[in-house]
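I have placed the structure first, in the form of structure tokens, so that the comments after it can refer back to it.
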Amino acid sequence: MAQTAKHKLRVLFVDDDESISSLLASELPRMGHKATVCRSPGEAADAISKHTFDAAIVDLRMPGGSGWDVIDQLRENSPETDYVISTGHGSMDDAIRAIRMGAYDFLPKPVSLFEISAVLQRIGEKKALENKNIALECRLQQVEGRSDLIGESPSMNRVKTLIDKIAPTDSAVLILGETGTGKEMVARRVHEQSGRAKAPFVAVNCGAIPENLVESEFFGHRKGAFTGADTARTGLFEVANGGTLFLDELGELDKSMQVKLLRFLESGEVRRVGENEPFKVDVRIVCATNRDLQEMVNDGTFREDLVFRVNTFEIHLPPLRERRDDIPELAWHLIARHLKRESVPKSILAPETIEILKAQEWTGNVRQLANVMEHSAILSDGICIRPEDLPQNMIRGAQHSTPTTSDAPAGFELSLEPKTLREMEDQMILHVLKKHDGDKPSTAKELGIALKTLYNRLSQLEERKEAG
């Protein structure tokens, strides 16, 4: 008995011999493959018109036609199929023709189950490598650096701890966080720490695919499935087989694709556009969104049952403004990445530059910080990034800030009886600032204002004190 296949294939077997056809109809599934067995070229033509195959084993000489006709149809309608010629009447001319037509192998009869199992195993390994290459191309188009999760703040350490626990499982993961917080980095970290690390990691932005092409992009299509489908296409679910598929911007999927994604999560099966028969793939799904899915459920724009399926585990990625102590380390890492170095000296950021960076709101999060570091590294002397190397809007904002860590501007006294709304607001700011021992980020957070706004208000207080 041949051993169970490591790579499961959709196999077309075409042979008019009743005994071998019956044997393969039972043995191919036992090997782990999905088999379609045909006894004539006509039956094979009908199967090829309806399905796509990973591999085909074709007898050359059969009543009612030739195996070459079957191969021609495969090359026309399913060019990604690897075909093997098996015949008891082969000649050297047939072997040469087979090689010229791109046959994967040529097996003279009688053929043993072991030989069939071995050739299918080689084809499976070839397919897996091709899928890894496609996945690598997808990754190279989107890469933003290594999957390092930089920072030792309590919130980031909680994220890392959760990843360590859930990565070895096959459970679905939902990553929540604002735009630019590094959700794809988290997804790749989950993949790299899982048992699927050597298989493909495929990332796709659901909001970047035209609505009419999403199904084809995800599940693939057969040639002629719709206008413009001039060739067959392998879908991303199939490319990621054995690995991880990362669906970013999940909230952008329309209702019809939500249904199809739900069906896959329930059955593990996908169906190419234009085909009737589904096939199984082994893919771990990791999703991410910056939208409130529960609010979308309430609005009727997202399926509640799909939310249950994709968030077996939730990872909440904090915005950069909530982990300001991580900003220097992140900045050093991003500068090193821009300069294509392993690391850079900490002195590359002037102390006053670090203070300005920590005072920003970073609405674009780590992605925005990466752009700022690239901008500043280009303008700097290459030795130290100073405040004047930062974008102009940051420099202007810093000019109004105060570097002091005192509770309030020097010499400013709280008014016991504030007379205007402005004075009341100033008194509240100073009160909260004193409560937090001069910690401006904590003060701004409690007041519900931007840190830059707090600096501006304190600067204005200082100016009024000096004028008065």
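What is the residue count in the stretch 309-322 for residues that are under 10 Å from LYS358 (Cα atoms) and crowded, with 21+ Cβ neighbours inside 10 Å?
1
What tally of residues in the stretch 205-214 results from selecting those that are touching a strand residue (DSSP E or B) at 6+ places or on another chain (Cβ under 7 Å) and surrounded by fewer than 21 Cβ atoms within 10 Å (Cβ to Cβ)? Lay out the reasoning, then the answer.
The first filter runs over the stretch 205-214 and keeps only residues touching a strand residue (DSSP E or B) at 6+ places or on another chain (Cβ under 7 Å), leaving 205-206.
With the extra rule that they be surrounded by fewer than 21 Cβ atoms within 10 Å (Cβ to Cβ), the set shrinks to 205.
Total satisfying the criteria: 1.
Do the conditions hold for ARG39, that is, is it touching a helix residue (DSSP H, G or I) at 6+ places or on another chain (Cβ under 9 Å) and either over 25 Å from ARG222 (Cα atoms) or touching a residue at least 40 places away in the same chain (Cβ under 8 Å) (or both)?
no
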Is it true that ASP93 is free of Cβ contacts under 8 Å to residues at least 24 places away in the same chain and more than 18 Å from LYS109 (Cα to Cα)? no
With the condition kept exactly as written, say whether any residue in the stretch 94-108 is surrounded by 14 or more Cβ atoms within 10 Å (Cβ to Cβ), touching a helix residue (DSSP H, G or I) at 6+ places or on another chain (Cβ under 6 Å) and either among the acidic types (Asp, Glu) or at positive phi (or both). yes
Scan the stretch 268-281 and give yes if some residue there is at pLDDT 95 or above, outside the structural domain of GLY364 (by TED's automatic domain parsing) and crowded, with 19+ Cβ neighbours inside 10 Å, otherwise no. no
Could you list, in sequence order, the residues of the stretch 279-308 that are touching a Gly at 6+ places or on another chain (Cβ under 9 Å) and either charged (D, E, K, R) or within 26 Å of PRO319 (Cβ to Cβ) (or both)? LYS280, ASP282, ARG284, ALA288, THR289, ASN290, ARG291, ASP292, LEU293, MET296, THR301, PHE302
Of a type in the set (Val, Ile, Thr) and more than 30 Å from ASN157 (Cβ to Cβ): does that describe VAL270? yes
Identify, from the list PHE308, PHE264, PHE246, the residue that is over 25 Å from LYS127 (Cα atoms) and aromatic (Phe, Trp, Tyr). PHE308
Is at least one residue of the stretch 237-247 touching a residue at least 12 places away in the same chain (Cβ under 8 Å), assigned by TED's automatic domain parsing to the domain that holds GLY180 and more than 23 Å from LEU129 (Cα to Cα)? no
So if I check each of ALA44, ALA98, ALA25, which one is without any contact (Cβ under 8 Å) to a residue 24 or more places away in the chain and over 18 Å from LEU113 (Cβ atoms)? ALA98
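Right, GLY224: at pLDDT below 90 and on the phi > 0 side of the Ramachandran plot or not?
On the way: at pLDDT below 90: yes; on the phi > 0 side of the Ramachandran plot: yes.
For GLY224, the condition - at pLDDT below 90 and on the phi > 0 side of the Ramachandran plot - is met.
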Restricting attention to the stretch 330-359, and to residues there that are modelled with pLDDT of 90 or more and of a type in the set (S, T, N, Q), which single residue is surrounded by the fewest Cβ atoms within 10 Å (Cβ to Cβ)? SER347
Positions within the stretch 191-221 being under 14 Å from PHE237 (Cβ atoms) and of a type in the set (Asp, Glu), in sequence order: GLU215, GLU217
Take the stretch 28-52 and flag every residue that is buried (at least 22 other Cβ atoms within 10 Å of the Cβ) and hydrophobic (A, V, I, L, M, F, W, C). LEU28, CYS38, ALA44, ILE48
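A quick yes/no check of all residues on (1) at pLDDT 70 or above; (2) farther than 18 Å from LYS452 by Cβ:
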position	(1), (2)
HIS375	yes, yes
ALA398	no, no
PHE412	no, yes
GLU417	no, yes
Does ARG367 qualify as being among the basic types (Lys, Arg) and without any contact (Cβ under 8 Å) to a residue 60 or more places away in the chain? no
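The values are calculated or read from the model by the stated rules, or taken from the named source; none is laboratory data. Here the structure is a predicted model, which is why all the values come from computation and not from measurement. Using ideal geometry, Cβ is built from the backbone for each residue, glycine included, and neighbour counts are taken over all protein chains shown.
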